[in-house]
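Report on the following structure.
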């Protein structure tokens, strides 16, 4: 196979022009120089949680099930505390985070993990805010919370004045330790997500007619596919995903179903092409 040396102009020009929405998964943390100080995969997070509480062997590697066990037998506050501890370290943004944060037009940035690297990349600006998914176990009847650039809670209508909206659909460690992580958390959201209730109105507005670029995501898990599908709903009919290596049958089916163009290269290579930086090779 010929090695790809350029990226589609529709993608690169679309990012610069605000027509392509970046959608980050936990895998982007693998770009952090020296390694991220927080877990960068659901399996790694499950291992941290189950190191604190004895969990039945058959669910030890299943994040949502392990989190549910802790919530049931140790209380929700204990689960929130453990999650907060796992994501307590501040994460220095990678070159990809910095590049995205500096885009001249960035109406929406989706970050589907709990770390704060995206917030830290945006920290030099004051024209942005974020909206985070909330657990119904802790915020019954309220699906999302809005926070300004300083992390201060804000009413929903404040988002109309932000040039960039950072959307954290499964919550985030900062500023308020919001975590969608247990089976119950997801059951509550998935019960309503088909009619878009948990998706913020501003996100629904911005995504209309736009494309998505998936980075650091895998679609071999039904939850990840469902969230991506619902966040993308009523957007454009063409998207991209950087996914190196062989894909699972479910991933292939999902890409075809959603008309997502597969970019088969390591994320680090993609970032080097996108930013024009020299690719560092680690031995």
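The values are calculated or read from the model by the stated rules, or taken from the named source; none is laboratory data. On a predicted model such as this, the values are computed, not experimentally measured, just so you know. In this analysis, Cβ positions are derived from the backbone assuming ideal geometry, glycine residues included, and neighbour counts consider all displayed protein chains.
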**Fill in**
Within region 252-283, residues assigned to a strand (DSSP E or B) and modelled with pLDDT under 95 come out as none
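Can you tell me how many residues in region 125-138 are in a loop (DSSP other than H, G, I, E, B) and in contact with a strand residue (DSSP E or B) (Cβ under 7 Å, 6 or more places away or on another chain)?
The qualifying residues number 3.
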**Asked** Tell me, which residue of region 175-196 that is touching a helix residue (DSSP H, G or I) at 6+ places or on another chain (Cβ under 9 Å), in a loop (DSSP other than H, G, I, E, B) and without any contact (Cβ under 8 Å) to a residue 60 or more places away in the chain is surrounded by the most Cβ atoms within 10 Å (Cβ to Cβ)?
**Response** 180
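Scan region 203-236 for residues that are in a loop (DSSP other than H, G, I, E, B), surrounded by fewer than 20 Cβ atoms within 10 Å (Cβ to Cβ) and in contact with a strand residue (DSSP E or B) (Cβ under 9 Å, 6 or more places away or on another chain) and report the count. Please lay out each step first, then the result.
At the first step, the residues of region 203-236 found to be in a loop (DSSP other than H, G, I, E, B) are 208-210, 216-221, 233-236.
Filter once more, keeping what is surrounded by fewer than 20 Cβ atoms within 10 Å (Cβ to Cβ): 208-210, 218, 220-221, 233-236.
Okay, now just the ones that are also in contact with a strand residue (DSSP E or B) (Cβ under 9 Å, 6 or more places away or on another chain), so 210, 235-236.
Of the residues in region 203-236, 3 are in a loop (DSSP other than H, G, I, E, B), surrounded by fewer than 20 Cβ atoms within 10 Å (Cβ to Cβ) and in contact with a strand residue (DSSP E or B) (Cβ under 9 Å, 6 or more places away or on another chain).
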